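Read through the structure below, which is laid out as structure tokens, and then see the notes.
Readers should treat all values here as calculations from the given coordinates under stated rules, not as data from a laboratory. Just so you know, these numbers come straight off a predicted model, no measurement behind them. Note that each Cβ is placed from the backbone with ideal geometry, even for glycine, and that neighbours are counted across all protein chains shown.
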Amino acid sequence: MLMLKCPYCGVMADETELSAGGEAHLKRFGPQSSAEDFEGYLFARENPKGVHVERWRHVNGCGKWFHAARCTLTLEVFGTYSAQVTAPPQDIRDAIRAKHPDWRWRDMA
Amino acid sequence: MSTRLATGGRLIDHAAPMTFTFNGKEMQGYAGDTLASALLANDRMLVGRSFKYHRPRGIMASGAEEPNALVGLGRDGQFEPNQRATTTELFDGLESTSQNHWPSLDHDIGAVNQYLGRVLPAGFYYKMFLYPRAFWKHVYEPFIRHSAGLGKAPQDRDADSYEHFHVHVDVLVIGGGIAGLQAACAAGRTGAKVLLIEQTAHWGGRAPVDGGVVDGISVDAFTQNLIAELDAMENVTMRLRTMGAGVYDHGYVLGYERRTDHAPDMGGPRHRLWRIRAARTITATGAIERPLSFSGNDIPGVMLASAVRDYAVNFGVAVGDRTLVVTNNDDGYRTAIALKNLGLDVPAVIDARPAGGGALAQEAASLGIRIETGKAVAKALGGKRITGAAVCAQAGTGSVDEEIECDCIAMSGGWSPVVHLWSHCGGKLIWDADHAFFRPDPARPPLGAEGQGVVMAAGSANGALDLAIALADADYAGRKAAEATGYRPKRGRPPEAEQAGEAPILPVWQMPEGADQTLRAKTWLDFQNDVKVTDVQLAAREGFESVEHTKRYTTLGMATDQGKLSNINGLAVLSEALGQAIPATGTTTFRPPYTPISMGAIAGEARGDLFQPLRRTPMHEWHEANGAEWEPVGQWRRPYCYIQGDETPADAVTREVTAVRQSLGLLDASTLGKIIVKGPDAGQFLDMMYTNMMSNLGIGKCRYGLMCNENGFLIDDGVVARIDADTWLCHTTTGGADHIHAHMEEWLQTEWWDWQVYTANVTEQWAQIAVVGPNARNLLEKFTDDDLSAEAFPFMTWKDVTLNSVRARVFRISFSGELSYEVATPAGMGRAVWNELLAGAEEFGATTYGTEALHVLRAEKGFIMIGDETDGTVTPQDLCLNWAVSKKKHDFIGKRGQQRSHLCDPKRWRLVGLQTLDGSVLPDGAYAATQARNANGQRKTIGRVTSTYYSPTLKRGIAMGLVENGPQRMGEVIDFPMLDGTVQQVRIVDPVQYDKAGEKQNV
């Protein structure tokens, strides 16, 4: 059972306090989007054996959504951060790249 | 025969005899016995039948690894199948029964299967039961169902109670053998908070049986000193009868405490699940002896050498009068020596190693025991009990040199570290060729949240079989673990044990080396599931080369013992068959729990009334006192109907519906979800949430709204009321309140976080009463001077109304097609207002009504219900609700989804009313079919029933359903085939079957 620190209330939360929300930083495609873009937004998800950036909600706690960067293979957590960003902040990227220098995420710079 | 020795047995109390039964027969044992040792003391070696061939099965081990001695324990509410006799402590009055045989253990019909062995090879079920097709349903499946499973499932409700413990510790030590004790001591001495758990009822593990000298005293005395020292440490908690069941992510460990299994009269919870968060875990879980693979190695009387030794030393039980020891390593000699010292006959030690053993072999020889080196057992002799062994050269093909008479064969194929817990959460193994076992690879431990290793193995679980090395290893692990959690170990030397000086093991995976097909076909690997050497070789030949495939094809290691004895032998045989090294084959995945744990322990207190919270409306007790038939709706209980006198529920529903249509009815609508959405951007936000426009809703007005997900499918509906300039109140379905609130929050927090909007779920803050029927206005007017006239308070508006000094918010909305008001008051006032309205309603012949009447009323009017008309694949357009889907809005959740080609397909199933030609009620979920056939030869379905009721108003069945291109087919008659083979003819009609013009609600 994972433990993640909720960046809002500061609680080290057991997985039973949290609910998983899938891949983070998806870009929403609305009514004018192409079929390909919309399909990608609705269905296509990264599923790495390795570092994953994902959404969590502190559902049995403060109720806030947040993001986590985590290795799906070793379960190492590189940090949790605000849900109100469109990409992992620099300190999180640094923490990931310290262990995985070649880490890339979709088309993120 | 197996007997109790006159003296000895370090764990039993000769002064405390106990009575127990096995298959109804009364037997005697002593306090301290396990059920297995007590059975053996009564010469009960045959204790069960194997799964597939129903072969006689005897006790094979003395601990958790036992594959054969599975029994049913207790009776009625305390009955439990598949319990290992070796880990069941004896108590006075214990009742046990054997399993998997008919009509009796000694005479079993199913045993004919063993003679069919040649036609029941690995993968038999997969190959055999394909043809002829019709045989599956009538012959094969009943046969397989009958043979499936070993024990019988309990019939009664579990009479015991269970609980969970939550614990946080610095260092968790799993295993209370000598390594675990030493590791716990080393960690405890630093001041770290330590929890030490041991699955058996005794500390010390194997060490006191195997003997040795530590720091100049006997290993037994040394162990006692460690226990005393740990006992005195306030920072150390020790628990016997508590197994480390599984190691999970980020240092989470489950412990399984069997609190009262050995003392059923003790009271309190039977089992306790320890939910442990440990900064570091040390697995000192010991090692398990491997069987040797020779023909007939499954005959009762063939036992692990260490188990034979355990029964003699711990319980004073001689498993046989004449015990032949067969081994490929020095440890087997310990059994020979122990038995000889107890005065028992050991005709020979058969040692597969050409050069024989080390110091222990010399000791055995000096006791006068005959030692045969380079030899093997070609074949064990006997049926339900061993009678002898045919001995041959290990290097040959099995030509018999001599037969040795014996009634017990003690076998030792070497030891395998118990790496299960290490492996559960990603710890990797390395093959140790010197010792012929897998052991934990210290360089690749299970990792914690910071990427640090969080588990260490210690002692024989770490591959340190030698006492001296094990103690040093455990001392190191204890110190290291404490240090990693912030404590400083003091300097000091680890305890020193005298080394035995053992000769190396010779890996032996088949005895003799060149055994022919006949011998191999009687050489068991998995004793419970009947997997033999030939089965694994067949799997390899048929292409099941991955160890995981072989496992599933042959069922090797898939029995309740999860292959604790069979795994290594099996994968060695597979490796040989594939001509590759053992590490190239690898192991199957170790999964928790280590041994089966009770469902009760997993559930803990969460059963019965505590399984989940019950939500009660303010009027709940009134319903209960007035004949409510409850219907669970999420965690709520809502009245389905109210039974009066000797009414049936159908009578009650008819009465309730009729009262509402003709005069007046009251409904407790408090469970409806109520979400406040407030803020400068609330209107814009609701325009995204709902398919229709909400921002332009006038203050004081109500509007029915639909909510979709991004796929475009309908997820909820309800009436939205505009409270003031920046406040909306959104009603949701009863079941939707929590997840729709979560849905709103998700979008607000993760997509439009810069929008200024708050949401609050106020469902439980309000009581809501629907006052419904032609007399609804007349009733409310009795309680207020406020103007409730149609002009002052029109349909689809809301108003603050004072009802007898209680301020209520009244919505003029209708889910029944009648004149209807929903009266919302603060929850605390709900019951009082309910009582007053009921008293005032008497003169109108009013009734309270439940959810079923509500459904009938809405279905008569063609109103949809989320969960009936929708199932997660239905769009608003499918339900002909296009009028509630804005065409003006640039965007809303689901808009893009609804533009997808399949969702715009004109042939989609759409909502219609359904009327049976004979007026009967259609079954729920029935499908309409045409005569056309699809590619699979099945009749093509063109629609289904989504809601169906008897309408007391129309005096016939009414239904709604989704039908292919339905709205264009009004008046058409379609077929609904019934389960009994008849066909219902059904006319497609308008979904609104009552008061189509809506005159009744708009008065």
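Please state the relative contact order of chain B as a whole percent: Cα pairs under 8 Å, 6+ residues apart?
9 percent
Sort A:83-90, B:902-909, B:47-54 by the packing proxy (mean of other Cβ within 10 Å over each peptide's residues), most packed first.
Result, highest mean Cβ count within 10 Å first: B:47-54, A:83-90, B:902-909.
With a point put 7 Å past each Cα toward its Cβ, work out how far B:ALA935 is from A:ALA87 in nm, to one decimal.
Between B:ALA935 and A:ALA87, the label points sit 4.5 nm apart.
What does the helix-only formula give at 222 nm for chain A: each DSSP H stretch with n ≥ 4 adding -39500 (n - 2.57), the total divided by the residues, and the result rounded to the nearest 500 deg cm²/dmol?
-5000 deg cm²/dmol
Cβ neighbours within 10 Å, averaged per peptide: list B:58-70, B:816-828 in order, most packed at the top.
Per-residue Cβ counts within 10 Å, averaged per peptide and sorted highest first, yield B:58-70, B:816-828.
Let me check I've understood the local charge: for B:ASP995, count other residues with C-beta under 15 angstrom from its C-beta, Lys and Arg +1, Asp and Glu -1. What total comes out?
The answer is +1.
Reachable lysines from B:LYS490, Cα under 18 Å, same-chain residues fewer than 8 places away excluded?
Reachable lysines: B:LYS193, B:LYS480.
Taking the Cα centre of the protein assembly as shown as origin, sum charge times position over the Cβ atoms of Lys and Arg (+1) and Asp and Glu (-1), and report the length of that vector in debye to the nearest 20. Each step should come with its number before you reach the end.
On the way: 111 positive and 132 negative charges, 418 e Å.
Taking the Cα centre of the protein assembly as shown as origin, the dipole is about 2000 debye.
Give me D for the range A:30-109 in µm² s⁻¹, whole number, from Stokes-Einstein with Rh from the Kirkwood sum over alpha-carbon pairs, 20 °C and 1.002 mPa s.
It diffuses with D of about 151 µm²/s by this estimate.
Could you tell me how many degrees, from 0 to 90 and to the nearest 10, lie between the Cα long axis of helix B:737-750 and the main elongation axis, the longest principal axis, of the Cα atoms of chain B?
80 degrees
How would B:VAL1003, B:VAL989, B:VAL391 line up from fewest to most surrounding beta-carbon atoms within 10 angstrom?
Listed from fewest to most nearby Cβ atoms, that is B:VAL1003, B:VAL989, B:VAL391.
To the nearest 0.05, what FRET efficiency results for B:GLU545 and A:GLU39 with a Förster distance of 41 Å applied to their C-beta separation?
0.60
Let's test the formula: R0 of 45 Å, r as the Cβ-Cβ distance of B:LEU917 and B:GLN644. What FRET efficiency results, to the nearest 0.05?
Step by step, r from the Cβ atoms, then E = 0.85.
Residue separation times 0.36 nm, minus the C-alpha to C-alpha distance between B:TRP752 and B:HIS166: what's the value?
Details: separation 586, 0.36 × 586 = 210.96 nm, distance 3.88 nm.
Working it through step by step, the gained length comes to 207.1 nm.
Over 20 Å between Cα atoms, which of B:LYS379/B:LYS522; B:LYS340/B:LYS564; B:LYS375/B:LYS551; B:LYS52/B:LYS152 qualify?
Distance filter (> 20 Å) returns B:LYS340/B:LYS564; B:LYS375/B:LYS551.
Going 7 Å from the Cα of B:ALA606 in the Cα-to-Cβ direction, what parts of the range A:6-35 have a backbone nitrogen less than 16 Å from that spot?
Only A:14-20 pass the distance filter.
When a footprinting reagent is the concern and you count Cβ atoms within 10 Å, what order do B:SER412, B:SER366, A:SER19 take, fewest first?
Numbers: B:SER412 28, B:SER366 9, A:SER19 14.
Least to most surrounded, the residues fall as B:SER366, A:SER19, B:SER412.
Note the full-extension length gain between B:ASP891 and B:ASP651 as 0.36 nm times their separation in residues minus their Cα-Cα distance, in nm to one decimal. Mind showing how you got there, number by number?
Details: separation 240, 0.36 × 240 = 86.40 nm, distance 4.81 nm.
Net length gain for the segment: 81.6 nm.
Obtain the nm distance between the two label points defined at B:THR373 and B:GLU764 by a simple spin-label model: each point lies 7 Å from its Cα along the Cα-to-C-beta direction.
Result for the modelled spin labels: 7.8 nm.
What is the magnitude of the charge dipole of the range B:202-349 about its Cα centre, with +1 placed on the Cβ of each Lys and Arg, -1 on the Cβ of each Asp and Glu, and no other charges, expressed in debye to the nearest 20?
500 debye
Among B:TYR927, B:TYR949, B:TYR476, B:TYR849, which comes first, second and so on when ranked by fewest other beta-carbon atoms within 10 Å?
B:TYR927, B:TYR476, B:TYR949, B:TYR849
Just from its helices, what would the mean residue ellipticity at 222 nm be for chain B, if runs of 4 or more DSSP H residues each count -39500 (n - 2.57) and the sum is divided by every residue, rounded to the nearest 500 deg cm²/dmol?
On the way: 26 runs with 224 residues, N = 1003.
It lands at -6000 deg cm²/dmol.
How much length, in nm to one decimal, is gained on full extension between B:GLN662 and B:MET233, taken as 0.36 nm per residue of separation minus their Cα-Cα distance?
Extending this stretch completely gives an extra 146.5 nm.
Per-residue mean of other chain beta-carbon atoms within 10 angstrom of the beta-carbon, peptide B:443-449?
Averaged over the peptide's residues, the number is 3.
Estimate the FRET efficiency between A:GLU15 and B:ARG75 by the formula 1/(1 + (r/R0)^6), using the beta-carbon distance for r and 25 Å for R0, to the nearest 0.05.
0.05
Give me a single rounded figure for A:36-44: the average over its residues of other chain Cβ atoms within 10 Å of their Cβ.
Mean partner shielding for this stretch: 2.
Given labels modelled 7 Å from the Cα in the Cβ direction, how far is it in nm from B:ARG157 to B:VAL973?
Spacing of the two 7 Å Cα→Cβ label points: 5.1 nm.
Could you list, bin by bin from short to long, the percent of Cα-Cα pairs of chain B in 10 Å steps?
It works out to 2, 10, 15, 16, 13, 12, 12, 11, 6, 2, 0, 0, in whole percents.
Give the cross-link partners of B:LYS907 among the lysines, using a straight C-alpha distance below 27 Å as the criterion and excluding same-chain residues fewer than 8 apart.
Correct list for B:LYS907: B:LYS861, B:LYS887, B:LYS888, B:LYS889, B:LYS895, B:LYS940, B:LYS996.
For the protein assembly as shown, report the translational diffusion coefficient in µm²/s to the nearest whole number, using Stokes-Einstein at 4 °C, 1.567 mPa s, and a Kirkwood Rh over Cα pairs. Present the calculation step by step, with values, prior to reporting the outcome.
Details: Rh = 34.6 Å.
The diffusion coefficient I find is 37 µm²/s.
Determine, for each peptide in B:490-497, B:604-611, B:523-530, the mean count of other beta carbons within 10 angstrom over its residues, then list the peptides with the highest first.
The packing order, highest mean first, is B:523-530, B:490-497, B:604-611.
Let me know the mean shielding of A:65-71 by other chains, meaning the per-residue number of their Cβ atoms within 10 Å of its Cβ.
What the average comes to for A:65-71 is 2.
Enter the angle in degrees (range 0 to 90, nearest 10) between the Cα long axis of helix B:219-232 and the first principal axis of the Cα atoms of chain B, meaning the one along which they spread out most.
Value to nearest ten degrees: 30.
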